[in-house]
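Below: the structure, in C-alpha cells.
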Amino acid sequence: MPVPSGHYLASIEVPHVIVTVTLNAALDLSYEVEGVSWDGMNQVRAPRYHAAGRGVTVARVLNAFGHEVVAGGLAGGATGELIKADLARSGVPTQFTRTGRDSRRVIWITDTRLGTTACFREPAPYITTEELGRFAADYRRLAKEATAVVLCGSLAAGLPPEIFGSLATYAADVGVPVVLHAAGSALGLGVARRPALVVPDVGPREHAPRARELVAAGVGAVVTPSVDGIHAVATDEEWRAYGVLVGGAGSVGPVPANGPAAPVGAPPSFYARSSSATQSPSATESPSATQSPFASPTPSDPESLIASDWSGGARGALVAGLVPGALLGWSWPDRLRHALALAAAADPSGLIDIAAYEQFMADVIVERV
C-alpha cells in the first residue's frame, strides 16, 4: 500500500538501492470453501496467490514506504514466474536467479463455515551447484550497486548453511552493510561475518545477554522480538520498545496497563498459520550442525509462544522498519518506534495498514535499558 502523499515518511529517500535476498521464495495459494469435505469434491471461490518469503516481505514493505529496492534471490518454474508477477503488480523490481525446479508453494485452505484454516507446505526445491554459481555472480553484481543488502529467511535444499556468511563477506568486500535475519546454523555462521545489523528469527527474551556478546565481538547491533515489544543492543547502549502488541492477526492495539493480553479478535487459525509459515528449515540443516549463539525455543518452552504470535509478515515488517534508520543514522528511539509500529500494523502476509501504523507510532514507548 503506497504511503499517502504528504506523509512524513514519503519524503525519506535512501540513495541508490536496497537489495533483499530470498533463497527460498514461496507462493502462497489461498482457497476458501464453505464447509470443507476432506473426502469429497469441494467448490472453491476464486483462488488468490501472493508472493511470500521473508526477503520478499521486506522488499514489499520498503517499496510501499517509498524506498528504492530490488528483490533478488532464487526462483524457478511457473511458480517463480507467478512470484515475480505478483511483486511486479506491487511495484517491486525483481532480479531473481532462475532455477530449474519450481519454487515452493504454501497452500492455505479456509473453511469459512467453521472459521478454520489448514496449511499445506511443499518442500523447498533443490538448488544445484551450477545454479548456486549463477546466483553468486548475480549477487555480486547487485551488491556493487547497493546501499545495503538484507539477507533473509530460510534456505532452499542443497544450499550450504554458511551461505549467508559468504554473501555477507561479498558485500563487505565492496563496502556494503548487511542486515541478517535468519535462524539456526545459517544465523550462527552468518553472524561470524559481523553484519551491521542482526535480527534473529528466533524467540526472544533470554537471548539479550548473547546479543551483548555478539556486539562485543563486532556485530553492529542486534534487535530481537520480545513478549511485549522489541529489544535492541548496540555498542554502549541498550533499548527496549513496547506499548503495542504484535500478533499473528496483525495489529492489536496498545498494551493494557496490567500487561500483555491476547490479540483482540484474532482467530486461532492465525496462530496456526503464523507458527507453521514463518519457519522453513533448510533440508541441509540438522540440530547437530547448528552453531547459532541463539538457541531456538522448543515447543515446551513458553517463550516459543512469542515466535508464533509474531507472524512472518510482522517479522518481515520489523526488519524492513529497521533498515532506513540504520542507513540514515536515525536515533535508536526513532528506529525502534518506526519498526515496532510497522510490525504491529502488518497482517500475516506483510501488508501494512497505514492508519494503524500512524496510530501505533503515537502508542509506542521507547526506553533506555
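The values are calculated or read from the model by the stated rules, or taken from the named source; none is laboratory data. Small disclaimer: the values here were computed from a predicted structure and weren't measured. Because the Cβ atoms are built from the backbone with ideal geometry, glycine has one as well, and the counts that use them run over all protein chains shown. Surface areas here come from the heavy atoms of the whole protein model, side chains and all, with no ligands, DNA or RNA. Shrake-Rupley method; radii C 1.70, N 1.55, O 1.52, S 1.80 Å.
Residue by residue, here is whether (1) under 18 Å from ARG54 (Cα atoms); (2) open to solvent by 20 Å² or more (accessible area, probe 1.4 Å) holds:
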position	(1), (2)
THR129	no, yes
LEU167	yes, no
LEU180	yes, no
ALA216	no, yes
GLY229	no, no
Is it fair to say ALA51 is out of contact with any strand residue (DSSP E or B) (no Cβ under 8 Å at 6 or more places or on another chain), under 30 Å from GLU34 (Cα atoms) and without any contact (Cβ under 8 Å) to a residue 40 or more places away in the chain? no
Taking the stretch 316-364 as the search range and keeping residues that are polar (S, T, N, Q) and in a loop (DSSP other than H, G, I, E, B), which one is least open to solvent (accessible area, probe 1.4 Å)? SER349
Tell me which of these LEU180 doesn't satisfy, since it passes every other one: (1) under 25 Å from ASP228 (Cα atoms); (2) not in a strand (DSSP E or B). (2)
Pairing a residue in the stretch 83-104 that is touching a residue at least 60 places away in the same chain (Cβ under 8 Å) with any residue that is open to solvent by 40 Å² or more (accessible area, probe 1.4 Å) and in a strand (DSSP E or B), where Cβ atoms lie under 9 Å and the two sit 6 or more apart in sequence or on different chains, gives ARG104/ARG121
Please specify each residue of the stretch 75-89 satisfying the condition of being within 11 Å of VAL56 (Cα to Cα) and not acidic (Asp, Glu). ILE83, LYS84, LEU87
Out of all the residues in the stretch 51-64, which are out of contact with any Gly (no Cβ under 7 Å at 6 or more places or on another chain) and open to solvent by 10 Å² or more (accessible area, probe 1.4 Å)? ALA52, ALA64
Say we look at the stretch 184-211 and pick out the residues that are modelled with pLDDT of 90 or more and either open to solvent by 20 Å² or more (accessible area, probe 1.4 Å) or in a strand (DSSP E or B) (or both); which of these is farthest from GLU367 (Cα to Cα)? LEU189
By residue number, the members of the stretch 92-114 that are open to solvent by 40 Å² or more (accessible area, probe 1.4 Å) and either over 23 Å from the mean Cα position of the chain (by Cα) or at pLDDT below 95 (or both) are GLY100, ARG101, THR112, ARG113, LEU114
State whether one or more residues within the stretch 120-127 are on the phi > 0 side of the Ramachandran plot, outside any helix (DSSP H, G or I), touching a residue at least 60 places away in the same chain (Cβ under 8 Å) and surrounded by 18 or more Cβ atoms within 10 Å (Cβ to Cβ). no
